[in-house]
Amino acid sequence: MKASGPFVFTSGTIGYPLLFVLLIWIVFWVEVRFGVSFNSYGVRPGELVGLRGILFSPFIHSDIEHLFNNTIPLFILSLALFYFYRPISWKVLLIGLVASGILTWLIGRPANHIGASGIIYLLASFLFFKGIFSKYYRLVALSLIVVFIYGGLVWYVTPIDPTISWEGHLAGLISGFSLSLIFKQNIVEPPKYHWENPEYSEEDDPFMKHFDENGNFIENLPEEESNADDVEYNYIYREKKKDN
């Protein structure tokens, strides 16, 4: 079935975000169930072995609070990405994952940087700036919702808490902004009304014909009254069925 509009809700719209959330919870469950720690698989700046964290770190969390705090924003923002930007959603997610990971590796402190918060900042940044650039009312509204709900995240791109990887947050923010510029042309065009067409003529507009030169409304035009006599009415008689 052909999509009737630019925004289409599919099984992947909610399925992929649920899968992301499920994966990070499974990884945490494995750590707790078998008493292992995957923290060493995070991004470790300045070390070649630390580059593996670019792929692994978003799925690793230090404790249940860290995991819970990332679960809801990750689900909501990724759902918005797959609904409003479905054609480029995977490109944004995969390129942003690699870009934010590399940037964290370059600017981060010597530590294991773990957690999905970098992806959350990536998504929030992309959705906000992309919506503003689009000038399309639905996407602008999405930008305002993102900044209203998650605007406080901006404070954590600065080193206000030594236990938080602000470098990963900053890397995600920069990556999201950069991708909103790279994919600037991939924007849903706002709907245009027929009067915005360059060939539009007020004289030929059926609605505008109902107004005279003084702006007074004319209920019935002469041509409409003449056409009214040409209307044919067909009546069909059907016998009403008796109730048993």
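Here are the numbers for this structure:
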| item | result |
| --- | --- |
| Cα-centre dipole for the range 11-113 with unit charges at Cβ (Lys and Arg positive, Asp and Glu negative), debye to 20 | 260 debye |
| Farthest toward positive dipole pole in the range 1-155 [+1 Lys/Arg, -1 Asp/Glu at C-beta], among GLY151, VAL140, SER62 | VAL140 |
| Calculated from backbone phi, Karplus (6.51, -1.76, 1.60) coupling profile of the range 140-152 in Hz, x at Gly/Pro | 5, 4, 4, 4, 5, 5, 4, 6, 5, 7, 10, x, x |
| Gyration tensor verdict on the range 89-164 (Cα atoms; rounded if a/c is under 1.5, prolate if a/b is larger than b/c, oblate otherwise) | oblate |
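Values quoted throughout were computed directly from the atomic coordinates according to the rules given, and no laboratory measurement underlies them. Fair warning: this is a prediction, and the values are worked out from it, not measured in the lab. Note that each Cβ is placed from the backbone with ideal geometry, even for glycine, and that neighbours are counted across all protein chains shown.
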